[in-house]
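The values are calculated or read from the model by the stated rules, or taken from the named source; none is laboratory data. Remember, it's a predicted structure, so these values are computed and weren't measured experimentally. Neighbour counts run over all protein chains shown; Cβ positions are idealised from the backbone, glycine included. Only protein heavy atoms, including side chains, enter the accessible area calculation; ligands, DNA and RNA are left aside. Shrake-Rupley method; radii C 1.70, N 1.55, O 1.52, S 1.80 Å.
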Amino acid sequence: MAEKVKINPSILQWARKTAKITEEQAAAKAGVSLERYQAWERGDDFPTISKAQKLAHDFRRPFALFFLPDVPRDFQPLQDFRRPGSVELGTGSAFIIREIQQKQAWISELNQENGEKPLPFVGKFSSKDKPEEVAVDILHTLQIDPSNYSSSNTIKDWISAAERQGIFVSRTSFIHSKLTLDSNELQGFAIADPFAPFVFVNSDDWAAPQLFTLVHELAHLWIAESGISNEVEPVTPDRAKFHPVELFCNEVAASALMPMDLLHREVSADFGYRYEDVFSFARRLGVSTYALLVRLYKLGMLTLSQYGILKEQADLGFQQFLLKEEQRKAKQKESEGGPNPYLIKLNKNSRLFTQAVLDAFRGGVIEPTQASYLLNVQVNKFPKLESLIYG
C-alpha cells in the first residue's frame, strides 16, 4: 500500500482555489473520486506522495508548500480594469499572472540590489493628463516614429523599443497545449514597478489587436496603474461600460499609434476614403481598419455616413482576412511542423528578462535550478534560447 503524506488541508484548499480549479477538476486530475478528494481538503484523509506531487504540479505550487503550518502570503491580485460582467479569470489567466508576478518580483529585487535607478517614465503622468501628451511622451521615450517603422513587423519594433528602455514584454497564448488563454477573458496586463515594469500581451489575437493592447498596457505604466485588461479597443458607443482608466489608456494607444498630425498629413483631400485606401493605410500603421476608422471619425475626419459605410466594408474584409489566416496557419503547420518551442518560451519570458537571467546565472548570482525555474528551460538548453534573443 502506498504511503500517505500528511499535508496541510487548508493549504491544499488554498492552492486549488488560487489555481481557479474546482473540487471536481482537482479530483479528476488526481484520479480519485470527488468524495475522496474532499476528505483530503477536510483533513479526514491524506493523499499518497505521488498524488500530492501531482496536485502540486497541477496547481503550479512547490510540493514543499503543502507542509507549511499556515497559508503563505501570496502576490496581491492585480486590479481588474475589465468591463463589468466579464467572465471570471480562469486557470490559465491565474497561472500566467502569477508567473509574471514571480518574474517581476525577482528582477525588481535584483535591479534594486544592483543599484539601478527607477525608470523616470513609470508614473510620470496620471489619468487626469491629456492622452495626447502621454502618447507623445511614449513615442519620444521609445524613439518610435509611426510614419517610419523599421520593418513590416510593427509589434516587434514596439517590443524591441520598449525593452531597450527597460520594459519587460511577455507574449503568449497558452500555458501548455491543453490550457490556452482566451483573449476575451484576458487581453493583457501591466505591472507598473519603476525598477522592473512588466507588460503582458495575450498573443491569442491577431497582430493589430496585440499591438493596440501592447501600447494600451504601456500607457498603464506611464500613469502607474497596474491592472488587468480585456476588450482593449478604440470605442465610440457605450463609453459608460468601460473603466475610466481603460478609456484613458485606449485614447493614449490610439494617439500613439495613429498620431493626429500624421493622419492630417496622410489623409489629404485626394485620399479618396475608399475601403482599399483605409485598409492599406491601417496596415502601414500596424493597426486594424476598425481602429483607424474610429480614430478618423473621432477626429472629425470622417462623417457618420462615411464611417458607417466603411465600417460595413471593414467587417466583411475582416471575415475574409480570418478565413485566409486560418488557411495560412494550417499550411504553415503542415509544412513547418509548428513554431520553434524555444522562440515561444523566449517571447513568453521576454527577451530582456531572458538575458537578465542568463547574465545572473553566468555571473554566479543565482543557482542553475533557479535560473531553470525562471526561464522554464533546462540549463543545458540555455544556448538554444540565447541564440534566438537577437534574432
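Listed values, structure above:
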item: Close pairs from the range 103-116: first touching a residue at least 40 places away in the same chain (Cβ under 8 Å), partner open to solvent by 40 Å² or more (accessible area, probe 1.4 Å) and not aromatic (Phe, Trp, Tyr), Cβ under 8 Å, at least 6 apart; result: 110/365
item: Restricting the range 58-82 to residues that are under 17 Å from the mean Cα position of the chain (by Cα) and either open to solvent by less than 70 Å² (accessible area, probe 1.4 Å) or of a type in the set (Asp, Glu) (or both), the residue that is farthest from residue 183 (Cα to Cα); result: 78
item: Residues that are part of a strand (DSSP E or B) and in contact (Cβ under 8 Å) with a residue 40 or more places away in the chain, drawn from the range 202-228; result: 227, 228
item: Selection within the range 1-47 - among the basic types (Lys, Arg) and in a loop (DSSP other than H, G, I, E, B); result: 6, 20
item: Condition broken by residue 308, with the remaining ones in (1) assigned to a loop (DSSP other than H, G, I, E, B); (2) over 24 Å from residue 155 (Cβ atoms) satisfied; result: (1)
item: One residue from 285, 247, 179 being surrounded by 20 or more Cβ atoms within 10 Å (Cβ to Cβ) and at pLDDT 85 or above; result: 285
item: Residue in the range 39-56 that is within 31 Å of the chain's Cα centre (by Cα), hydroxyl-bearing (Ser, Thr, Tyr) and open to solvent by less than 60 Å² (accessible area, probe 1.4 Å) present; result: no
item: Qualifying residue in the range 151-159 (condition: surrounded by 15 or more Cβ atoms within 10 Å (Cβ to Cβ), touching a strand residue (DSSP E or B) at 6+ places or on another chain (Cβ under 7 Å) and modelled with pLDDT of 95 or more); result: yes
item: Test for residue 87: is it under 20 Å from the mean Cα position of the chain (by Cα), open to solvent by 50 Å² or more (accessible area, probe 1.4 Å) and touching a residue at least 24 places away in the same chain (Cβ under 8 Å); result: yes
item: Residue 195 being more than 25 Å from residue 354 (Cβ to Cβ) and either surrounded by fewer than 19 Cβ atoms within 10 Å (Cβ to Cβ) or touching a residue at least 40 places away in the same chain (Cβ under 8 Å) (or both); result: no
item: The range 1-41: number of residues that are free of Cβ contacts under 8 Å to residues at least 24 places away in the same chain and not small (Gly, Ala, Ser); result: 12
item: Of all residues making up the range 87-98, the number that are in contact with a strand residue (DSSP E or B) (Cβ under 8 Å, 6 or more places away or on another chain) and over 15 Å from residue 180 (Cα atoms); result: 0
item: Residue check, residue 215 touching a strand residue (DSSP E or B) at 6+ places or on another chain (Cβ under 6 Å) and modelled with pLDDT of 95 or more; result: no
item: Residue that is modelled with the highest pLDDT, among those in the range 262-271 that are part of a loop (DSSP other than H, G, I, E, B) and of a type outside the set (D, E, K, R); result: 267
item: Sole residue being at pLDDT below 90 and either under 30 Å from residue 193 (Cβ atoms) or buried (at least 22 other Cβ atoms within 10 Å of the Cβ) (or both), chosen from 274, 295, 239; result: 239
